[in-house]
1. Could you order peptides 260-272, 118-130 by the average number of other Cβ atoms within 10 Å of their residues, highest first?
2. If packing is taken as the mean number of other Cβ atoms within 10 Å per residue, what is the order of 179-188, 236-245, 139-148, highest first?
3. Starting from the exponent 0.38 and prefactor 2.2 Å, build the expected Rg for segment 196-244 from its residue count and divide its actual Cα Rg by it.
4. Between residue 240 and residue 296, what is 0.36 nm times their sequence separation minus the Cα-Cα distance? Round to one decimal in nm.
5. Using Cα pairs closer than 8 Å and at least 6 residues apart in sequence, work out the relative contact order for the chain, in percent.
6. Please figure out what share of the DSSP beta bridges in the chain is antiparallel and state it in percent, rounded to the nearest 5.
7. Mind ordering 103-112, 281-290 by average Cβ neighbours within 10 Å, highest first?
8. Using Cα pairs closer than 8 Å and at least 6 residues apart in sequence, work out the relative contact order for segment 29-114, in percent.
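Laboratory data are not the source of any read-out in this text; all were calculated from the coordinates shown. None of the values given here were measured: they were computed from a predicted structure. Here Cβ is always computed from backbone atoms with ideal geometry, including for glycine, and neighbour counts include all displayed protein chains.
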């Protein structure tokens with residue numbers, strides 16, 4: 001079903017309610033581990049103004065949301081909204097493995113001014129499908145904001161099954177799915193039978209999801225190649241599949257470097273630090289990238305066309 005709340009952003013439409021090019025933004029931390037709110041505002045501005053982002057996901061798992069407090073989430077969301085909320089769709093991560101807590105996070109995000117919610121499958125608990133329906137419905141009922149479900153069984157331990165998505169699609173505020181399940185056929189079935197809008201949540205499958213009718217991406221590598229990914233979307237939608245494929249292939253070293261060698265937040269923060277952009281440290285249980293990893297990352301980013309300064313700014 002279509003969301004009951006209209007998002008005021010030029011990029012949003014019935015076929016792409018959250019825009020087309022989004023990134024799950026990291027949460028920059030200071031060397032002492034505190035949240036760098038000014039850095040988050042600068043990073044958000046860079047992503048929107050320089051990397052052609054239609055929207056940003058704030059307080060998602062790439063933003064290390066399991067390790068940030070509710071007050072930190074609120075302040076981070078406010079900082080990003082103040083920086084770019086007038087020209088980008090701001091999607092607030094509100095998912096956790098506790099339904100009551102997720103409802104509170106959803107309400108907090110709505111009060112802060114978020115445009116929409118990203119709600120991840122409850123992790124570790126491994127609820128049955130009826131439990132997922134209850135959880136997602138409860139969160140969707142908590143606010144007037146449209147919801148994007150985040151299907152990532154590799155971390156959550158359980159998938160959102162096709163039959164479950166068909167039922168959840170009946171909710172007026174469940175509008176989209178960020179898919180990191182990688183089942184292209186299942187996604188095709190859901191899109192053919194419902195109004196749910198799909199977004200690629202796996203950078204390796206971005207082009208494949210476009211071919212099957214996805215609206216766009218919720219990316220991680222978009223931190224460093226967002227403009228190129230937006231160009232890929234534009235080319236594909238204009239019917240220039242050859243151009244889209246060329247961009248996909250050119251970015252393979254970047255996707256490989258950031259998404260396959262270590263945890264994504266570790267890798268992308270290392271990339272941001274190489275580029276002189278706000279990334280900072282990670283919080284435990286994650287650990288910062290080693291110098292050896294950073295050196296190889298620099299090489300792969302360069303091969304992928306990213307201009308990495310010789311010395312960090």
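1. So the peptides 260-272, 118-130, ranked by packing, come out 260-272, 118-130.
2. 139-148, 179-188, 236-245
3. So the Cα radius of gyration is 1.03 times the expected 2.2 N^0.38 Å.
4. 16.9 nm
5. 19
6. Beta bridges within the chain, antiparallel portion: roughly 5 percent.
7. Numbers: 103-112: 19.6, 281-290: 14.9.
So the peptides 103-112, 281-290, ranked by packing, come out 103-112, 281-290.
8. This gives 33 percent for segment 29-114.
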